[in-house]
Structures are given as C-alpha cells and as structure tokens.
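Since the structure comes first, as structure tokens, the remarks are kept for the end.
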C-alpha cells in the first residue's frame, strides 16, 4: 500500500525543548491514531503537516509533494482539518459562514449550496442554519468544525480530538462516518484522549512521548487489545476456559483466585460472543464483565512487554 504522507527527519525547535528528530510514513486508506500525553508534541506535528508551522527542519510530503512549496488554498487542497474553534468573533449565520468558508477553500460555486445543505442536514443543524454561529452551544460548534473539515471532500482527514464536547450519539455517528470514509479509500489521522472509543477502528499507531517518536506500526505490532475482566459467580476450570478462548484467538492473562476473575483481550468486539458461548455451554453464571481502559499507561506497558519479547 502506498504512502500518502511522508515525514522525513522532522525537527521543530523551541527555546527550551525540541520535537524530533524522527521520520515516518502514513499509508493511504488507513486510519492512523496519533497518540501522546499532553505536551508530547502531537499538536505541533499536526500543525506542521497542515502548514500552520513552516519553520522546521526536515521535510513533509503529501502525495510526494513538499507542503512548503504549495501556496494558498492549494496547500491543503487534499486535507480536511478538524480542530476546536469557538467562533466567538463570527457574526455570520451558519449558512453564510459556511458559504464564505467554501469560497475561501476554493470549492466550485456550482456545488457549494448542495454540499452545505447535505452536511447541515447530516449534523442536524437545519433548524439553526440562519442563526449566528457564535451563539451556538459547544456541541453544536464542534459539529460546525466537523463540517469545515468535510466540506472539501478531502482525500485526507486530520482530526484533533473530534469527540470533544459531543455526546455518545454524535461520537458514534462520527465513528461510523470515519469507517465509511475509510471504505472509500480515504486516509484518516486522529488524536483522542479516550482511546477506548476508537481503538476498534484504528489500523496503525504513531506514538509520541516527550517529543520523540517511540512507536510506529499496526495494532497487532503494538500488541494492544480491548481488555475485559470477567468475574464469575462459581469456581471454574481455568485451563479449559483458557484453551477454549485461545482457540478463538482470544488472549488471557493472570487468573485472580480471590476474585474468581480472569482478564481477557479481544481484537474485534464480536469475539466477546465466544465468551458468552462458553459460559452458557458450561452453565457458568456471570457475575460481572468490566471493560478495562485503554490509556497511555496501558500503551506504555504494551511497549515495555514488547521490548521483553
């Protein structure tokens, strides 16, 4: 699969610290998660890719073309960028604002109206399209930010915390939207603090820590899965349980005798059905099933385990 974004020998220097030096590639048609703790350098890197930062060492190529050489709206013609804008200085209605921004983006006039209508309807903002954007709630403003990201029908989507200030309904809707875009062959880069909600749709990971790239690779290479703690009401044959789950490509971890619990790890959510199948066949009543968080701590632990292999 071809590389759509290449970052070569990237270094961004500040007075007291620097980010880099590192290089990486992002594959076309993949969903890549860019992860790192606050202050790790994620936002600086994203802003360099979209052209907000020009002063850095190294090179950033999109479709084998240097981003430094592009001018005007052509610079990000193939990129839709989502970030949080509060629109407090915008005195326009939503419809007027999107019309103006479409022209700034270089979208052809003959398609602007239909495209704006589609996304306003999609994000359930039809009744608010003639109201001033600055008066919207934060959740509504974030939906407007998503419209700005999608208006160009870009080849690449870069989303910085797209689920912030949105309820579970909208987070799920955006997740399904991203799956649809991936199926169309588009490339998505996404950052998120709540990795749990998006881990099942991620193909590759880029992990930055204190300005250094500490991991680039697939979910399988990272060896991180969705983990659940299974509590049972009665004692059970642990080895038989482990063997069954292993045959279904479900990993198991240490059995806790005091709690009568076992941690399992699944790569795909549908695999959880095998757990229920075993419990039903063996008449084992389930006491509780707790999803364990995927966070930076668990990712660092996965990387440490990888080094020990």
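The values are calculated or read from the model by the stated rules, or taken from the named source; none is laboratory data. Computed from a prediction, not measured in an experiment: that's the story for all the values here. No Cβ is skipped: glycine too gets one built from the backbone with ideal geometry, and neighbour counts run over all protein chains shown.
Checked against the criteria, residue 267 does not count as more than 30 Å from residue 8 (Cα to Cα), within 29 Å of the chain's Cα centre (by Cα) and in the same structural domain as residue 39 (by the TED database). Looking across 214, 294, 280, one residue alone is part of a strand (DSSP E or B) and either free of Cβ contacts under 8 Å to residues at least 60 places away in the same chain or under 29 Å from the mean Cα position of the chain (by Cα) (or both). It is 214. Scanning segment 1-28 for residues that are within 18 Å of residue 54 (Cα to Cα), in contact (Cβ under 8 Å) with a residue 40 or more places away in the chain and not in a strand (DSSP E or B) yields a single hit, 17. Restricting attention to segment 227-254, the residues being surrounded by fewer than 16 Cβ atoms within 10 Å (Cβ to Cβ) and more than 30 Å from residue 29 (Cβ to Cβ) number 13. Among the residues of segment 40-70, which ones are outside any helix (DSSP H, G or I), within 12 Å of residue 19 (Cβ to Cβ) and without any contact (Cβ under 8 Å) to a residue 60 or more places away in the chain? Result: 53, 56, 57, 58.
Looking across segment 238-274, the residues that are in contact (Cβ under 8 Å) with a residue 24 or more places away in the chain and part of a loop (DSSP other than H, G, I, E, B) come down to 248, 250, 259, 260, 267, 268.
Using the structure shown, decide if residue 187 is in the same structural domain as residue 42 (by the TED database), buried (at least 17 other Cβ atoms within 10 Å of the Cβ) and at pLDDT below 90. The answer is no for residue 187. Residue under question is residue 154, and the condition is that it be under 15 Å from the mean Cα position of the chain (by Cα) and within 24 Å of residue 45 (Cα to Cα); does it hold? Spelling it out, it is not the case that residue 154 is under 15 Å from the mean Cα position of the chain (by Cα) and within 24 Å of residue 45 (Cα to Cα). Pull up segment 114-135, narrow it to residues that are in contact (Cβ under 8 Å) with a residue 12 or more places away in the chain and more than 19 Å from residue 167 (Cα to Cα), then point me to the one that is surrounded by the most Cβ atoms within 10 Å (Cβ to Cβ). Checked segment 114-135; the qualifying residue surrounded by the most Cβ atoms within 10 Å (Cβ to Cβ) is 133.
Set side by side, the residues 9, 100 differ, and just one is at pLDDT 90 or above, over 27 Å from residue 185 (Cα atoms), assigned by the TED database to the domain that holds residue 162 and out of contact with any helix residue (DSSP H, G or I) (no Cβ under 7 Å at 6 or more places or on another chain), which is 9.
Taking residue 51, is it at pLDDT 90 or above and in the same structural domain as residue 20 (by the TED database)? Taking the combined requirement at face value, the residue does not satisfy it. Filter segment 210-226 down to residues that are in contact with a helix residue (DSSP H, G or I) (Cβ under 8 Å, 6 or more places away or on another chain) and at pLDDT 85 or above and give me whichever is surrounded by the most Cβ atoms within 10 Å (Cβ to Cβ). The qualifying residue surrounded by the most Cβ atoms within 10 Å (Cβ to Cβ) is 215.
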